[in-house]
Amino acid sequence: MREDLKSIVEGRRISAEEGAEILRTADWLEIAQAAWEVRVARHGADTASYTMFRVVNYTNICNVDCKFCSFQVKPESKFAYVLDKEAVFTKVEESLAQGADQMFFQGGVHPDLPLDYYTDILSAVKARYGIHIRAFSPVEVLGLSKVSGRPLGEVLDKLKDAGVDSIPGAGAELLVERMRELLTPLKCTTQQWCDIMAECHEHGLKGSATMVVGAGETLEETVAHLEAVRGIQDKTGGFHSFIPWVYQQQTKRFKVHKLRPDEFMKIMAFSRLYLDNIDNIEISVLVLGKDLGKIALRMGANDISSAVIEENVLKSFGLRSEKEAVKYIEEAGFRAVRRNFNYEPMEPMSVVWPKPESVDVSAVAS
C-alpha cells in the first residue's frame, strides 16, 4: 500500500489539495484496501447493518425543475397529486405491517402548499403511530420557508414540534456551483444547502449526507463536495452517515456520464478515507444494484441502506423486505444487524403492528 494511504489509515487527515491527486494516481484496489481497514477498525469485519423504512412521496408537483429528474410535474399536469391524510395513513400502516420503523417523507418543492399541510399530517402520524419521521431535504425546507414567509429556524421548530425527528441530506447532488448551475439552476446553492443542514443540526435534527456522481464532474469537484460535507460535520457532528450515489438516466435533457464500476467504487472507498468524522458509509443497493452493493461492503461501506418498501423517484434495484436484506448481507459474508435511525442495534421485526385492514383509520382526525 502507498505510504500516503498507510498514514491515512493510521489517522492522518487528507487535505483537500491532495485528495484529487490520490483519486487520480492511486490504484482503486489500494484505496479499497485502505477503506476496508478503516471500516474494520470502526465497525469490525464480521457485521453489516440494515434498516427498514418507507419513502412517502407526498407530492410530485415541483417548481425546481432539475434536468435529471423525471418525477416532477407542473401543477396543471393530469398526473399531479398531493396525498391527503388518509392516503398517508394507509402507507404508514402498510409499512408498519411489514416491519418498518421509519417513514421518510420526500416530495417535490410545491409552490403553494401551506405549512399547515405538512404540520397537520406530521402531527397526526406521530400521534397515531409514534414512528420515527425522517422528512424534507434542505431544498424542501427552504421552499417551506419561502411559501410560509417564516424564517428558516421557525419553520424547523414547527416541523420538529409536529413530529419530524431527522432531516435527510438529499438534494446535494454535487456541492459545486458549476455543476449546480448545469443541473439544478433553480435549486438552493451550495452555501444554502450547507447552511440549512448546519441549522437543522443545531435544531436537533440530525441526518445523512449524500453525493451523486456521474454528471461529468472533475475529481477536484468530487473532493470539493466531500470537503463541504466534512466541514459541516466538523462544526455540528450532525451527520450519522454518508451515502454516495450515481445518476440514473431519466430524461433527455441530461446525459449521464456513466462511470465504470471500478470508478464509482474508487470514489465510494475514498469517501470512507476522506470523511474521517462520519462513522457510517451507507451503500444504496436500491440505486447501485445488488452486485456492487456486496462489493462495497468490502470497500468501506458498513450499511446497505435497505430495505426500502417504496420508491417512486428512482428505478429501484433494491431490497423490499427484511428477509431479503438479511439474506443479502449473509450472502455477502457478513452477519446482518438491524439498526434504528441512530445506528443502534435492534431486534429483527421488532416493530409489531396489526395488519392494515384491522386498523381503524377513521379514528384519526382528518
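The values are calculated or read from the model by the stated rules, or taken from the named source; none is laboratory data. In this text, all values refer to a predicted model and were calculated from it rather than measured experimentally. Note: ideal-geometry Cβ built from the backbone for every residue, glycine included; neighbour counts use all protein chains shown.
Identify the residue in segment 31-57 that is charged (D, E, K, R) and surrounded by fewer than 16 Cβ atoms within 10 Å (Cβ to Cβ) and, among all such residues, is farthest from ASN277 (Cα to Cα).
ASP46
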* For SER95, state whether it is of a type in the set (Ser, Thr, Tyr) and modelled with pLDDT of 95 or more. => no
* If you take the residues in segment 121-164 that are in contact (Cβ under 8 Å) with a residue 12 or more places away in the chain, closer than 23 Å to PRO185 by Cα and of a type in the set (S, T, N, Q), which one is surrounded by the most Cβ atoms within 10 Å (Cβ to Cβ)? -> SER137
* To do: Among the numbered conditions (1) in a helix (DSSP H, G or I); (2) more than 20 Å from the chain's Cα centre (by Cα); (3) not aliphatic (A, V, I, L, M), tell me where LYS78 comes up short.
  => (1)
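Yes or no, residue by residue, for (1) more than 24 Å from ALA124 (Cβ to Cβ); (2) outside any loop (DSSP other than H, G, I, E, B); (3) of a type in the set (Lys, Arg):
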residue	(1), (2), (3)
GLU154	no, yes, no
ASP157	no, yes, no
ALA172	yes, no, no
ARG178	yes, yes, yes
* Structure fact -> Checked segment 269-297 for anything of a type outside the set (A, V, I, L, M) and either in a helix (DSSP H, G or I) or over 26 Å from ALA325 (Cα atoms) (or both); matches are PHE270, SER271, ARG272, TYR274, ASP276, ASN277, LYS290, ASP291, GLY293, LYS294
* To do: Among the candidates GLY293, GLY300, GLY289, single out the residue that is at pLDDT below 80 and within 21 Å of SER208 (Cβ to Cβ).
  => GLY289
* Of the residues LYS266, LYS252, which is free of Cβ contacts under 8 Å to residues at least 24 places away in the same chain and either out of contact with any Pro (no Cβ under 6 Å at 6 or more places or on another chain) or assigned to a helix (DSSP H, G or I) (or both)? -> LYS252
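Can you tell me which residue among LYS78, LYS74 is touching a residue at least 12 places away in the same chain (Cβ under 8 Å) and either touching a strand residue (DSSP E or B) at 6+ places or on another chain (Cβ under 6 Å) or surrounded by fewer than 17 Cβ atoms within 10 Å (Cβ to Cβ) (or both)?
Exactly one of LYS78, LYS74 is touching a residue at least 12 places away in the same chain (Cβ under 8 Å) and either touching a strand residue (DSSP E or B) at 6+ places or on another chain (Cβ under 6 Å) or surrounded by fewer than 17 Cβ atoms within 10 Å (Cβ to Cβ) (or both), namely LYS74.
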* Looking at segment 20-41, which of its residues are under 20 Å from ASN280 (Cα atoms) and touching a helix residue (DSSP H, G or I) at 6+ places or on another chain (Cβ under 9 Å)? -> ILE31, ALA32, GLN33, ALA34, ALA35, TRP36, GLU37, VAL38, ARG39, ALA41
* To do: For segment 275-290, state whether one or more residues are surrounded by fewer than 19 Cβ atoms within 10 Å (Cβ to Cβ) and among the small types (Gly, Ala, Ser).
  => yes
* List pairs: first in segment 183-202 and surrounded by fewer than 17 Cβ atoms within 10 Å (Cβ to Cβ), second among the aliphatic types (A, V, I, L, M) and not in a helix (DSSP H, G or I), Cβ under 6 Å, 6+ apart or cross-chain? -> LEU186/VAL64
* Would you mind telling me which numbered condition in (1) within 18 Å of ALA162 (Cα to Cα); (2) in contact with a Lys or Arg (Cβ under 9 Å, 6 or more places away or on another chain); (3) part of a loop (DSSP other than H, G, I, E, B) PHE89 fails? => (3)
* Structure fact -> Filtering segment 111-130 for residues that are part of a loop (DSSP other than H, G, I, E, B) and modelled with pLDDT of 95 or more leaves a count of 3
* Among the residues of segment 211-222, is there at least one that is in a helix (DSSP H, G or I), modelled with pLDDT of 95 or more and polar (S, T, N, Q)? -> yes
* Asked: Just checking, how many residues over segment 110-120 are buried (at least 17 other Cβ atoms within 10 Å of the Cβ) and in contact with a Lys or Arg (Cβ under 9 Å, 6 or more places away or on another chain)?
  -> 3
